[in-house]
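In what follows, a single structure is set out as structure tokens and then discussed.
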Amino acid sequence: MFISPAYAQAAGATSATSFVQFVPLVLIFVVFYFLLIRPQQKKLKDHKAMLEAVRRGDRVITNGGIIGLVTKVSAEKRELTVEIADGVRVQVAQDMITSVVSKTEPVSDKAEAKTEEK
């Protein structure tokens, strides 16, 4: 016969070969961290900062696509009152705000008192 039988060798596993086997897994995790996890955390942090900065007079877009003007901010309840049309006001959870369209200076308390007197 031309082919001789091959027998498996009992080679001892060295620590270097076991380390080399885990290098691709470590590299994949590093790539996932920098391409997926880190940008998502940054986006979440920016969105939270935007929600904390919402105040009266801002035009916002909700998750449902409704555009309105913030008329009241309730920080302890994390709710906003948004005017979506003349005289139509809805309460929206602050976390459901997608973006702030335009930032305006909030109306001062003195100007608000004058408009309520009229």
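Quick rundown of the values:
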| quantity | calculated |
| --- | --- |
| Residues located in the stretch 72-96, provided they are of a type in the set (S, T, N, Q) and surrounded by 14 or more Cβ atoms within 10 Å (Cβ to Cβ) | T81, Q94 |
| Among (1) in a loop (DSSP other than H, G, I, E, B); (2) at pLDDT 90 or above; (3) not β-branched (V, I, T) - the single one P106 does not satisfy | (2) |
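The values are calculated or read from the model by the stated rules, or taken from the named source; none is laboratory data. Computed from a prediction, not measured in an experiment: that's the story for all the values here. Cβ sites come from the backbone with ideal geometry, for glycine too, and all protein chains shown count toward neighbours.
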